[in-house]
Amino acid sequence: MSDTVSEHVRAQGQEARLARSPGTARHRILIIGGGTAGLCVAARLARAGQKDVAILEPSAHHYYQPLWTLVGAGAARIEDTVRDEARYIPKGVTWIQDWAEEVDPVARTVGTRGGQRLGYDFLVVAPGIQLDWNKVRGLREALESRPNVSSNYDVRYAPKTWEMLRAFQGGTALFTHPATPVKCAGAPQKIMYLAADHFRKRGLQDAAHVVFASANKSIFGVKEYAAVLEGVVKRYGIDTRFQHNLVEVRGAANEAVFTRTTPEGSAEEVVLPYDVLHVCPPQSAPDFIQKSPLAWHEGPTRGWVKADKYTLRHPDHPEVFALGDASDLPTSRTGAAIRKQAPVLVENLLAVMRGQEPTATYDGYASCPLTTGYGKLLLAEFGYEGKPTPSFPLIDSLKERRDMWLLKKYGLPRLYWDLMLRGRA
């Protein structure tokens, strides 16, 4: 791990130990979360002239996580994915550096870990998603102690992934995808394709047995893009094991334990040995969201914040809006989705503040730039119901392209830092 990132990780730990004084405050608009969604909304509200906006966010550093795939493949530096949060808090917006612990939508207050009680007139819920490492037995211990187990889903481990792939000399390279929703659902297979390409470039294609064990039923949820990815899987000779959900990692034995759903619908245990293992952890909405009145408490969307799929307004509390990874919006959890959600949310929030009904609509747009090899990328773009919605209609979006690889590596980070987080994209 680089010195820069090590300092950031230590700083995060120091923040967690800070004692904060109890207090009270009230804001016209309170945003829970200073990640991609929260900052995009705050920037747009500030540009719209809103003077009393506050962001509740504990982290001192902000990460451009999509590049962690390339970090894990040795094609980007981890230092380039980290910047200070303070640089992206819009001028005039209050930054409350604390953790949300409780939401009371009746009293219109948010309680914090530091003992503050924050009141609001309007609330934007954008706390992001949490990584549930402990829901896979032995995973955390393996990540911390075994050189052949890693995950690009953490800033500490993405560089480790590259060291693991560089050290690989043959055997089984196992990649997993959990049963839960995850941010950037294509990421678990992106690193797999890059690893397979890396092995090929090193002449290890015959010595490497690449396995994709996924709890899903297929390689991708949109059939047009799935057809292309099935060709990529065939090209690399990848062994796909669908409806396999990782439940345990036995680090000392180099074994991964899965629950497999049989064609009859029953569950059976499957143990797969590995030489290197890349894990996508189970994920969920933050705990305080799951237990809050804002979330569903039963059904398939249990634990996620309720939001109208078109207006992003909460169906039970009209002064509350939600977007991003913690929401129940039936689309992929990606930064590209947030880029389309943020302007809709802000337009509708401003309308409600004026006493009007929200009229702007979100069409479910999301995109997943799927790296299929070094210098190759399939840009999957789709809306609700899985309909492809290409942004570049004059090019064939159902082909792996080098220009889309360059867009991911160079163009999208610039778009993110310079435009999206500034409320201009």
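The values are calculated or read from the model by the stated rules, or taken from the named source; none is laboratory data. All values derive from a computational prediction rather than experimental measurement. In this analysis, Cβ positions are derived from the backbone assuming ideal geometry, glycine residues included, and neighbour counts consider all displayed protein chains. Only protein heavy atoms, including side chains, enter the accessible area calculation; ligands, DNA and RNA are left aside. Shrake-Rupley method; radii C 1.70, N 1.55, O 1.52, S 1.80 Å.
Only residues that are under 19 Å from residue 69 (Cα atoms) and either under 19 Å from the mean Cα position of the chain (by Cα) or open to solvent by less than 80 Å² (accessible area, probe 1.4 Å) (or both) were counted across the range 137-168, and they come to 20. Here residue 397 qualifies as modelled with pLDDT under 95 and crowded, with 17+ Cβ neighbours inside 10 Å. Considered as a group, the residues in the range 65-76 that are in contact with a strand residue (DSSP E or B) (Cβ under 8 Å, 6 or more places away or on another chain) and closer than 16 Å to residue 182 by Cα include one that is least open to solvent (accessible area, probe 1.4 Å), and that residue is 69.
Restricted to the range 206-281, the set of strands (runs of 3 or more DSSP E) holding at least 1 residues that are over 22 Å from residue 72 (Cβ atoms) and among the small types (Gly, Ala, Ser) comprises 267-273. When the range 1-42 is limited to residues that are at pLDDT below 95 and touching a helix residue (DSSP H, G or I) at 6+ places or on another chain (Cβ under 7 Å), the one that is nearest to residue 343 (Cα to Cα) turns out to be 5. Once the range 115-136 is narrowed to residues that are small (Gly, Ala, Ser) and crowded, with 17+ Cβ neighbours inside 10 Å, the residue that is farthest from residue 51 (Cα to Cα) is 128. Screening the candidates 389, 371 for the property of being under 26 Å from residue 68 (Cβ atoms), in contact with a Phe, Trp or Tyr (Cβ under 7 Å, 6 or more places away or on another chain) and buried (at least 20 other Cβ atoms within 10 Å of the Cβ) yields one hit, 371. Among residues of the range 238-252 that are on the phi < 0 side of the Ramachandran plot, those with a Cβ under 8 angstrom from a residue that is open to solvent by less than 10 Å² (accessible area, probe 1.4 Å) and not hydrophobic (A, V, I, L, M, F, W, C), sequence gap 6+ or separate chain, pair up as 240/214; 241/214; 242/214; 244/176; 244/214; 245/178; 246/176; 246/178. Taking (1) touching a Ser or Thr at 6+ places or on another chain (Cβ under 9 Å); (2) within 16 Å of residue 152 (Cα to Cα) in turn, residue 182 satisfies each apart from (1). Pairing residues of the range 43-66 that are touching a residue at least 24 places away in the same chain (Cβ under 8 Å) and closer than 17 Å to residue 336 by Cα with residues that are open to solvent by less than 20 Å² (accessible area, probe 1.4 Å) and among the polar types (S, T, N, Q), at Cβ distances under 6 Å and at least 6 apart in sequence or on separate chains, gives 63/81; 64/81.
Would you please name the residue that is surrounded by the fewest Cβ atoms within 10 Å (Cβ to Cβ), looking only at residues in the range 297-308 that are within 19 Å of the chain's Cα centre (by Cα) and at negative phi? My answer is 302. Only one of these conditions is not met by residue 294: (1) in contact (Cβ under 8 Å) with a residue 60 or more places away in the chain; (2) out of contact with any strand residue (DSSP E or B) (no Cβ under 7 Å at 6 or more places or on another chain); (3) surrounded by 14 or more Cβ atoms within 10 Å (Cβ to Cβ). Which number is it? Answer for residue 294: the failing condition is (2). Regarding residue 82, is this residue at pLDDT 95 or above, among the aliphatic types (A, V, I, L, M) and more than 19 Å from the chain's Cα centre (by Cα)? No; evaluated as a whole, the condition is false for this residue.
When the residues of the range 94-109 are filtered to those that are among the β-branched types (Val, Ile, Thr) and more than 18 Å from residue 35 (Cα to Cα), the one that is surrounded by the most Cβ atoms within 10 Å (Cβ to Cβ) is 103. The residues in the range 66-103 that are among the charged types (D, E, K, R), within 30 Å of residue 123 (Cα to Cα) and part of a loop (DSSP other than H, G, I, E, B) can be counted, and the count is 2.
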